[in-house]
Amino acid sequence: MNGSLIKSLFPLLLHFTINYSSTPPTPLNTSMYSVNMKHILKWSPLQVSCSTVNYSVQFQGEYELYKLNGTWVNAYDCQEISENRCDLTHDLASNSDYSIRIKTNCDGKKSWTQLPATFNRRDTVLLAPKMTVNVEGDPIQVGFSTTLSDMTINLKVWNEGDEQNALIHVIRAYPYHFSIAAHRGEEKMCFRAEAIVEAINKICSIDTQCVIIPEQTSDFVKPMIVSIAVVVAVAVVFILGWSATYFGPQIKQICHMEPIPRVLLDDWPTSTPILCTDVSLEPTDPLLLPAMQVEGTV
């Protein structure tokens, strides 16, 4: 009787030994990082060796829990992935408390681990956009750098020392830029803004900037300066040309070449003289030749 019982339980014991004793441990340090409405789920990799390992992520919101009888939804971009991170920005699209879990597949052996606490996108960390003020052009350009596309910015502008008369401009469209016509001079203009994400009802403040709005040369001044320079250059060339024509003969008369005196020309040899050095000759005696009478001479 005992032997038959052991024989009947042996296959069941073998099944549990094979399928459950080798179940891999669940991933560790599972956490959600959410900044500026971008939700990234991260987890540590398995600490056991697997020839093949992949992960699949599922989530369950309040709608799935209460209206769909506790259904779990597969995260579309995070099925059988090898990375230990998952972007759930588009999946967690409502202000609901989400439960999130990860399925690990190690050589065909599956295990589940769940995020320790539910996640709500209202818990995202909202970073203040960086404000830049460009006073070089006209009008003044104010810009805000951010990755959010569904944000509203309330921009407050005033002259320094006159904040009670500040103007508020609302910027709703992305990219977040605004043009302001201002009186240029030595006075400072101040800018302060608030960024509002209405979907999660969060507000963050942007630090005040006060800048001097310098005087700016009008747009027509530069072309006018260039035109004046061209006119001046043409006038200088014309004056130089007219001066050469009008004063040329007088300049030639003043600076004419004097002719060489005649006496110098008469005494000057017509050919280039050849200079010779003295040569010593042998002494010779004078020779007296008698005068010869030529016939026919009277």
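Please treat every number below as a calculation from the coordinates, not as lab data. Computed from a predicted structure; not experimentally measured.
Taking each of 38/67; 130/202; 42/156 in turn, the alpha-carbon distance tops 29 angstrom for 42/156.
For region 74-148, a/c is not less than 1.5, where a ≥ b ≥ c are the root eigenvalues of the C-alpha gyration tensor, and a/b tops b/c. That puts it in the prolate class.
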